[in-house]
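Peer 1: Shown below is the structure under consideration.
The values are calculated or read from the model by the stated rules, or taken from the named source; none is laboratory data. Predicted model only: the values in this text are computed from it and were never measured. Every residue, glycine as well, gets a Cβ built from its backbone with ideal geometry; the counts of neighbours run over all protein chains shown. Side chains included, ligands, DNA and RNA excluded: accessible areas come from the protein's heavy atoms. Shrake-Rupley method; radii C 1.70, N 1.55, O 1.52, S 1.80 Å.
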Amino acid sequence: METSHASTIVLDVEDWPGHIAGQHVDVRLTAQDGYQAQRSYSIASAPEDSRFALTVERIDDGEVSPYLVGELRVGDTFEVRGPIGGPFSWRVESGGPLLLVGGGSGLVPLMAMARHHAARRSEIDMRLLVSARSWEDVLYHEELSRQVRRDGVDVRFTLTREQPAGWGGFARRIDAEMLSAVGPKPSAKPAIFVCGPTPFVERAANLLVELGHRPQAIRAERFGPTGS
Amino acid sequence: MTPLSRGFRGRPRRDIDPARIPPGQYAVDDFPVLSAGPTPRTPTADWSFTVDGAIDAAASWRWEQFMALESETFTVDIHCVTKWSKLATSWTGVSIDTLLEGVETSAAYVTAWSDGGYTTNLPLADLTGGKAWVVHSFDGTPLEPEHGGPARLLVPHLYFWKSAKWVRGLRLTVDDEPGFWEAAGYHNRGDPWQEQRYWND
Ligand SMILES: Cc1cc2nc3c(=O)[nH]c(=O)nc-3n(C[C@H](O)[C@H](O)[C@H](O)COP(=O)(O)OP(=O)(O)OC[C@H]3O[C@@H](n4cnc5c(N)ncnc54)[C@H](O)[C@@H]3O)c2cc1C
């Protein structure tokens, strides 16, 4: 369990061809009566990691995520297809600087990038802004706290609903001032990856454009829903 | 053989005609948003639509001119490669047949291009014959920027990434030139009924 409503699933994939941090897979489940459901999940592990992992957040009235978070047991099998996705991926060879902005489960593909950065002992300037409702809702919060100290990724958090006592991070919805405080300046021409629920991505990407970042440098991945 | 997922039942099958849902898709009621970058916001005063490339004379319409063209309101099902399908969506826009009226061309392909740098390629035959439109309204109201406004291409018989948001023009080409997703591993044609999602499908 990563939080009370999200789990990391470690998979043994036959003939896995390898992936680039940021890519995703398609998961396909098949019920007894032959009914099938497919959804996309980002790969949480770095290409260098020995374990292949997905992290899934439970959407309460969802069809697939409650099964993956609550029902799946060690030894179960299901179909996985991938890796998929070119634009939303990064490798050390592509260089930096880098700004990663993740909301909720949108942290997953960004975590793969941060893990890749750490595994390669990269010195590339990588900044990561994580938005969540509370500290307990931040996926991988222990690993991320370690990463700040050890692996040279500059990780900042904003907790929008509830903050622990003595909290020193941000405590509001993402805004222009926050993105300026975290990010490399537009003049440094960072590559930017934004991922999370659609309204979060819309807001963050619009703010980044308004701050003067080049639209072509901003890669976005929207994890549904729209609320409309 | 397809492995069964122990304990997976799936949602109670809804009362929708299964013949309208392509393989691997599921029906949604909301309208998810998928695009690779920030949402461009082009005021209609700065907007124009251009048809050029392998044709004798390029044509271009400013927003008022485009809105003055004959438009159609129609209802179609749409299918996104990320697995959702939305049934019975209502759109208003100008048929590609209208935009290509009188155009003589040896081109067999089209690259649709958009604000923000997005491109997608299609066989010309997939855009003509009443199969595709440039739409400006969804459900009777102006198309929101998140969904491609002021105007987007709509090619409902292919996966929805072919329905380029924020479309600004069609370039007719003799050779087929892969667009943004097509160069990144997605299928060149994208027929949902053949489940043509990725390169090797
Ligand atoms: C490229 C890509 C990568 C993704 N990577 C991940 C990932 O790494 N981890 C992860 O947990 N999810 C990820 N998602 C989202 C995932 O594919 C599913 O959409 C999600 O798990 C919900 O599926 P479901 O079957 O449980 O819900 P559904 O049955 O599809 O939906 C049930 C209800 O929940 C709403 N809903 C759907 N998605 C969300 C959401 N994200 N938040 C709130 N409400 C929602 C729907 O609008 C609907 O009303 C990714 C999506 C994409 C497109």
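Peer 1: Identify, by number, the condition in (1) within 21 Å of A:His24 (Cα to Cα); (2) touching a helix residue (DSSP H, G or I) at 6+ places or on another chain (Cβ under 6 Å); (3) surrounded by fewer than 21 Cβ atoms within 10 Å (Cβ to Cβ) that A:Leu139 doesn't meet.
Peer 2: Tallying (1) within 21 Å of A:His24 (Cα to Cα); (2) touching a helix residue (DSSP H, G or I) at 6+ places or on another chain (Cβ under 6 Å); (3) surrounded by fewer than 21 Cβ atoms within 10 Å (Cβ to Cβ), A:Leu139 fails exactly one: (3).
Peer 1: Please count how many residues of the range A:24-49 are outside any strand (DSSP E or B) and open to solvent by 20 Å² or more (accessible area, probe 1.4 Å).
Peer 2: We begin by selecting, within the range A:24-49, every residue outside any strand (DSSP E or B); these are A:31-35, A:44-49.
Adding the requirement that they be open to solvent by 20 Å² or more (accessible area, probe 1.4 Å) leaves A:32-35, A:47-49.
Total meeting the criteria: 7.
Peer 1: Just the residues that are part of a strand (DSSP E or B) and either open to solvent by 40 Å² or more (accessible area, probe 1.4 Å) or within 16 Å of the ligand (Cβ to nearest atom) (or both), please, taken from the range B:68-77.
Peer 2: So in the range B:68-77, the residues part of a strand (DSSP E or B) come out as B:72-77.
B:Glu72, B:Thr73, B:Thr75 - these are the residues of the range B:68-77 that are part of a strand (DSSP E or B) and either open to solvent by 40 Å² or more (accessible area, probe 1.4 Å) or within 16 Å of the ligand (Cβ to nearest atom) (or both).
Peer 1: Which count do you get for residues in the range A:30-57 that are within 11 Å of chain B (Cβ to nearest Cβ) and more than 11 Å from the ligand (Cβ to nearest atom)?
Peer 2: In the first step, residues of the range A:30-57 are kept if they are within 11 Å of chain B (Cβ to nearest Cβ); the result is A:30-40.
If we keep only those that are more than 11 Å from the ligand (Cβ to nearest atom) as well, we get A:30-36.
Residues flagged as within 11 Å of chain B (Cβ to nearest Cβ) and more than 11 Å from the ligand (Cβ to nearest atom) within the range A:30-57 amount to 7.
Peer 1: So A:Thr3 fits all but one of (1) more than 14 Å from chain B (Cβ to nearest Cβ); (2) modelled with pLDDT of 95 or more; (3) open to solvent by less than 30 Å² (accessible area, probe 1.4 Å); what number is the exception?
Peer 2: (2)
Peer 1: With respect to A:Phe157, determine if the residue is in contact (Cβ under 8 Å) with a residue 60 or more places away in the chain and open to solvent by 20 Å² or more (accessible area, probe 1.4 Å).
Peer 2: Numbers: in contact (Cβ under 8 Å) with a residue 60 or more places away in the chain: no; open to solvent by 20 Å² or more (accessible area, probe 1.4 Å): yes.
No: the conditions fail for A:Phe157.
Peer 1: Condition (residue is near the ligand (Cβ under 8 Å from one of its atoms) and either more than 15 Å from the chain's Cα centre (by Cα) or within 13 Å of chain B (Cβ to nearest Cβ) (or both)) applied to the range A:7-25: is it met by at least one residue?
Peer 2: Keep residues of the range A:7-25 that are near the ligand (Cβ under 8 Å from one of its atoms), which gives A:24.
Now drop any that are not either more than 15 Å from the chain's Cα centre (by Cα) or within 13 Å of chain B (Cβ to nearest Cβ) (or both), which leaves A:24.
The answer is yes; a qualifying residue exists.
Peer 1: Related question: Residues that are among the aliphatic types (A, V, I, L, M), at least 2 per element: which strands (runs of 3 or more DSSP E) completely within the range B:83-170 meet that? Please lay out each step first, then the result.
Peer 2: Details: elements: B:84-95, B:109-114, B:119-123, B:133-138, B:152-154.
Qualifying strands (runs of 3 or more DSSP E): B:84-95, B:109-114, B:133-138, B:152-154.
Peer 1: Based on this model, can you work out whether A:Arg203 counts as under 25 Å from A:Gln23 (Cβ atoms) and without any contact (Cβ under 8 Å) to a residue 60 or more places away in the chain?
Peer 2: On the way: under 25 Å from A:Gln23 (Cβ atoms): yes; without any contact (Cβ under 8 Å) to a residue 60 or more places away in the chain: yes.
Criteria met by A:Arg203.
Peer 1: Within the range A:175-228, how many residues turn out to be among the polar types (S, T, N, Q), within 11 Å of chain B (Cβ to nearest Cβ) and farther than 23 Å from A:Asp137 by Cα? I'd like the intermediate steps shown before the answer.
Peer 2: Looking only at the range A:175-228, we keep the residues that are among the polar types (S, T, N, Q), and these are A:180, A:187, A:198, A:206, A:216, A:226, A:228.
Right, trim to within 11 Å of chain B (Cβ to nearest Cβ) and you get A:198, A:206, A:216, A:226, A:228.
Next cut, farther than 23 Å from A:Asp137 by Cα only: A:206, A:216, A:228.
Residues that pass the stated criteria total 3.
Peer 1: Moving to a separate point now. Just give me the residues in the range B:8-31 being open to solvent by less than 30 Å² (accessible area, probe 1.4 Å), more than 11 Å from B:Leu87 (Cβ to Cβ) and of a type outside the set (A, V, I, L, M, F, W, C), in sequence order.
Peer 2: Residues satisfying the conditions are B:Gly10, B:Pro22, B:Gly24.
Peer 1: Could you list all residues from the range B:91-102 that are touching a residue at least 40 places away in the same chain (Cβ under 8 Å) and within 14 Å of the chain's Cα centre (by Cα)? Working first, answer last.
Peer 2: Start the filter on the range B:91-102 by keeping residues that are touching a residue at least 40 places away in the same chain (Cβ under 8 Å), which leaves B:91-94, B:96, B:99-100.
Selection gives B:Trp91, B:Thr92, B:Gly93, B:Val94, B:Ile96.
Peer 1: Another question, then. If you go through the range A:58-100 one residue at a time, how many are near the ligand (Cβ under 10 Å from one of its atoms), more than 8 Å from chain B (Cβ to nearest Cβ) and buried (at least 22 other Cβ atoms within 10 Å of the Cβ)?
Peer 2: 2
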